Every structure is written in structure tokens, then in C-alpha cells.
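Before any comments, here is the structure.
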Amino acid sequence: SQVEVAVSDNGRGVPAAELETIFDPGFMEKSGRISTRNWSLFSARQIVLEHGGEIRIGSREGKGTSVRITLPYRASVE
């Protein structure tokens, strides 16, 4: 009744403090310039939630990150 997509890498990972707010949209200042922060992850989560799904991110600094998206399966009716 569900479809799950999982993607993992073995990259540098995300620090725990950033992981807590990874889906929060916002702005940040870096070197005197203001830029957007996390709008793509915020938008992705909104799309998944609007389709009745769930998105989860797990990460360990220095070990990598995994993303799991679960969506309800709906058979097409013709």
C-alpha cells in the first residue's frame, strides 16, 4: 500500500544541529551576503506531505546521509 524510495551516500554528512532544522526555510548571512537556506528541502517536504507521504533524513557527520520518501500507492484507474 506504500512506495518507498531511499537514497544514501557516504559523504561528509550533516551536523546534528543542522539536521534538527533541515526542513526549516529561512535566510542566512554569509560573508556579508544574504542567501536563502533550505527552501528546496522545505518545498520537497511540502510536496511529499500534500501527497500523503513522509520524508525522513538521517545523517552522521563524516559517515553520510540517507533520505527516505514514503508515498501511498494508488493504482491508476482507466
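With respect to the conditions (1) hydrophobic (A, V, I, L, M, F, W, C); (2) within 17 Å of the chain's Cα centre (by Cα); (3) open to solvent by 50 Å² or more (accessible area, probe 1.4 Å), Ile34 lacks only one, and its number is (2). Do we find that Ala44 is at negative phi and either open to solvent by 60 Å² or more (accessible area, probe 1.4 Å) or touching a Ser or Thr at 6+ places or on another chain (Cβ under 6 Å) (or both) in this structure? Taking the combined requirement at face value, the residue does not satisfy it.
Scanning region 1-58 for residues being assigned to a loop (DSSP other than H, G, I, E, B), over 29 Å from Ala75 (Cβ atoms) and in contact (Cβ under 8 Å) with a residue 12 or more places away in the chain gives a total of 13. The set of residues from region 58-78 being of a type in the set (A, V, I, L, M, F, W, C), open to solvent by less than 100 Å² (accessible area, probe 1.4 Å) and modelled with pLDDT under 95 comprises just one member, Ala75. So is Arg74 part of a loop (DSSP other than H, G, I, E, B), on the phi < 0 side of the Ramachandran plot and of a type in the set (D, E, K, R) or not? Taking the combined requirement at face value, the residue satisfies it. Mind listing whichever residues of region 5-24 are among the small types (Gly, Ala, Ser) and at negative phi? Of everything in region 5-24, those that are among the small types (Gly, Ala, Ser) and at negative phi turn out to be Ala6, Ser8, Gly11, Ala16, Ala17.
The values are calculated or read from the model by the stated rules, or taken from the named source; none is laboratory data. Just so you know, these numbers come straight off a predicted model, no measurement behind them. Note that each Cβ is placed from the backbone with ideal geometry, even for glycine, and that neighbours are counted across all protein chains shown. These accessible areas exclude ligands, DNA and RNA; they are computed on the full protein's heavy atoms, side chains included. Shrake-Rupley method; radii C 1.70, N 1.55, O 1.52, S 1.80 Å.
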